[in-house]
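Single-structure report; data block below.
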Amino acid sequence: MERRDFLKAGLALGAAAGGGIVTLANAKTAPDLRPGETLRLNSNENPLGLSPAARRAILDGLDEANRYPRDSRVQLIEALAALHGVEPENIVLGNGSTEVLQMSVQALATPRSRLVLADPTFEDVPWYALPFPYELVRVPLDGRFAHDLEAMRRAASSAAGPALVYICNPNNPTGTLTPSAEIDDWIEAAPETVSFLVDEAYFEYCEDPAYWSCVKWVDKPNVIVARSFSKIYGMAGIRLGYGVAHDETAGRLRQFIGKNNANHLVLVAALAALNDEGLIPRSRAANAEGMNILHRALDELGLEYLPSHTNFVMHRIRGELDTYRERMAAHGVRVGRPFPPMLDYNRLSIGLPEEMSRFVEVLREFRSAGWV
């Protein structure tokens, strides 16, 4: 069997396993848990994996894998533009949404720029700023564990030069929501010297009526919205994200892009996933079931947790976080990394219901041992 046929046969088995009518009982594409298997509850991935439609698209796309991704790139950009009611010129693809964050930070850097962001929030943005002359201003979250927009606004307006404001909403690592109306008020009033980089990686998980997308503002040159296929679309391992921005701003971002940065197979998979009407409801339902299992256990053990609008939960622990993580690893569970200054909390991704049930068993063992 030729190598290409071998790959297609293997993918076909995966697609067949994921086909048919999908319920919560058989929605996952991963095999059943095996004794001793490590639970990966640390990176906010969709445990259902690729949708069956995306798997089939990858299988069919192998015949074009030797070609540069021109046609598939155009097709996906046009689909994303239609989805958001914008023009293709407003869409910028990224190798994950993190590349969109990177190119935004790079494109907007000037010798007197100030970068304003919440503390804690997704740590890639300040990391991307390190080689550039940004003045970094971290603003603690408010009492709701939401972005303290008033304090961020003061920090941006007092900058000596242009300011870039990063807003991750819902926020990672807390999972909390900053009401969209409050963000709208600031964007509407802000001068063009204040730019907004709005990270909506978890947009599809949030169903709160106080939340909506900032894509409505991309007719303004100072607003960039980043979206991801890594989360609800289950494509963290094959890397795809995109930005939505004013055409002039999008053109500026493209000066910092890796050309052909999205490969053909992820492009066709993403297009298929967008057309899979059941993908988001399936993922939300599985996430809600896993979340309920976790919430019941945390309530039972009296461990505080933050209200989450994502596929992870930030919950209190007792004792040292590093010790907690090491003990979890020894029990076959990977949990979230540290997010200073919230070192008395741990971020836990929501897995399949059976994975969450196993995690709960471990957590109860920890309580019996006096560790939580």
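Listed values, structure above:
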| read-out | value |
| --- | --- |
| Tally of residues being assigned to a helix (DSSP H, G or I) and of a type in the set (D, E, K, R) across region 275-294 | 3 |
| Any hit, region 225-244, residues being at pLDDT 95 or above, part of a helix (DSSP H, G or I) and not hydrophobic (A, V, I, L, M, F, W, C) | no |
| Some residue of region 37-48 being outside any helix (DSSP H, G or I) and modelled with pLDDT under 95 | yes |
| Test: residue in region 182-196 that is among the aliphatic types (A, V, I, L, M) and either within 19 Å of residue 312 (Cβ to Cβ) or touching a residue at least 60 places away in the same chain (Cβ under 8 Å) (or both) | no |
| Breaking point among (1) in contact (Cβ under 8 Å) with a residue 40 or more places away in the chain; (2) part of a helix (DSSP H, G or I), for residue 208 | (2) |
| Condition met for residue 259 (surrounded by fewer than 20 Cβ atoms within 10 Å (Cβ to Cβ) and not β-branched (Val, Ile, Thr)) | yes |
| Residues located in region 160-186, provided they are surrounded by fewer than 21 Cβ atoms within 10 Å (Cβ to Cβ), closer than 15 Å to residue 213 by Cβ and not charged (D, E, K, R) | 179, 180, 181 |
| Hits in region 323-344 - residues which are more than 16 Å from residue 303 (Cβ to Cβ), of a type in the set (D, E, K, R) and in a helix (DSSP H, G or I) | 326 |
| Flag if residue 262 is in contact with a helix residue (DSSP H, G or I) (Cβ under 7 Å, 6 or more places away or on another chain), of a type in the set (Gly, Ala, Ser), touching a residue at least 40 places away in the same chain (Cβ under 8 Å) and part of a loop (DSSP other than H, G, I, E, B) | yes |
| Residue 244 being within 25 Å of residue 173 (Cα to Cα), in the same structural domain as residue 125 (by TED's automatic domain parsing) and of a type in the set (A, V, I, L, M, F, W, C) | yes |
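The values are calculated or read from the model by the stated rules, or taken from the named source; none is laboratory data. Bear in mind that the values here come from a model prediction, so they are computed numbers and not experimental data. Note that we place each Cβ from the backbone using ideal geometry, even for glycine, and neighbour counts take in every protein chain shown.
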